[in-house]
Amino acid sequence: MTLLNTTVPRILGACFYYPPHSDGVQRLILTLPELADLFPWPDADAVRKACSSIHQIDPESLVYDYSILFEGQGVMPAPPWSSVYLERENLLMGESTLAYRDFLASQGMVTDTQNPEPDDHFGLMLMAFAYLIEADKPESAARLISEYLLPWAERYLELVKQTETEQPFYPVLADVATVYLSSLKEQMNLQVSPAVLHL
């Protein structure tokens, strides 16, 4: 068990980013209880219990919740892009997005998701964090978390938890992600860049 195990951010990131009925996510959902054994959680039993409560949910029953949270039907209750929280007018692709994109480019990373959407998606950021760890760039990985993800992630995850969904999958996953990021912050002794949030 290691603090910088990349399986945890990869699984969490993929579950927050890809549609639940995609083949990859369907397989990942079944592995969720294993997260408890892959990271030094403050309470591994609580994480195991939370993940066990959602890992057998039929992915097809999550399609509506995914659409509400990540595709938008009217006003999105919890937009998954950092710029919405960091930009005064809640803009997509604002200056914060461009700054993050410059950071990715400085690490030799170009996001190619086949989707015309911003790079600063919560799930994509977690997967980028995992990539930097695997590329043996721990300082850059720490910078991604402290400068680009943590300033807004807590607010985003709180909104996910408050969203009325048909299934508990995403709110429970948000609970697990909150504990994960909080533990990273404490155990890596990260100094979070201050930010004024606009959502």
Keeping to region 61-91, report how many residues are under 14 Å from residue 118 (Cβ atoms) and surrounded by 14 or more Cβ atoms within 10 Å (Cβ to Cβ). 13
Residue count, region 47-71 (criterion: free of Cβ contacts under 8 Å to residues at least 60 places away in the same chain and either touching a strand residue (DSSP E or B) at 6+ places or on another chain (Cβ under 7 Å) or aliphatic (A, V, I, L, M) (or both)): 1
Go through region 136-190 and report how many residues are basic (Lys, Arg) and free of Cβ contacts under 8 Å to residues at least 24 places away in the same chain. 1
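Looking at region 92-103, which of its residues are open to solvent by less than 50 Å² (accessible area, probe 1.4 Å) and aliphatic (A, V, I, L, M)? Can you show your working first?
First, the residues of region 92-103 that are open to solvent by less than 50 Å² (accessible area, probe 1.4 Å): 94, 96-97, 99-100, 103.
Once the filter is applied, which keeps residues that are open to solvent by less than 50 Å² (accessible area, probe 1.4 Å) and aliphatic (A, V, I, L, M), region 92-103 yields only 99.
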Give the residues of region 21-60 that are under 17 Å from residue 171 (Cα atoms), open to solvent by 50 Å² or more (accessible area, probe 1.4 Å) and in a loop (DSSP other than H, G, I, E, B), sorted by residue number. 53, 56, 58
Given (1) surrounded by fewer than 22 Cβ atoms within 10 Å (Cβ to Cβ); (2) within 16 Å of residue 13 (Cα to Cα), residue 146 misses just (2)
Meets criteria (open to solvent by less than 10 Å² (accessible area, probe 1.4 Å), among the aliphatic types (A, V, I, L, M) and within 30 Å of residue 60 (Cβ to Cβ)) for residue 177: yes
Would you confirm whether or not region 94-101 contains a residue that is modelled with pLDDT under 95, among the basic types (Lys, Arg) and either under 16 Å from the mean Cα position of the chain (by Cα) or over 25 Å from residue 55 (Cβ atoms) (or both)? yes
One residue from 89, 117, 158, 166 being more than 21 Å from residue 68 (Cα to Cα) and among the charged types (D, E, K, R): 89
Among (1) assigned to a loop (DSSP other than H, G, I, E, B); (2) within 16 Å of the chain's Cα centre (by Cα); (3) crowded, with 17+ Cβ neighbours inside 10 Å, residue 117 falls short only on (3)
The conditions are (1) without any contact (Cβ under 8 Å) to a residue 12 or more places away in the chain; (2) β-branched (Val, Ile, Thr); (3) part of a helix (DSSP H, G or I), and residue 75 fails exactly one of them. Which is it? (3)
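The values are calculated or read from the model by the stated rules, or taken from the named source; none is laboratory data. Not measured: the values here are computed from a predicted model. Don't worry about glycine lacking a Cβ; one is built from the backbone with ideal geometry, like all the others, and counts go over all protein chains shown. When the accessible area is computed, the model is the full protein with side chains, heavy atoms only, and any ligands, DNA or RNA have been set aside. Shrake-Rupley method; radii C 1.70, N 1.55, O 1.52, S 1.80 Å.
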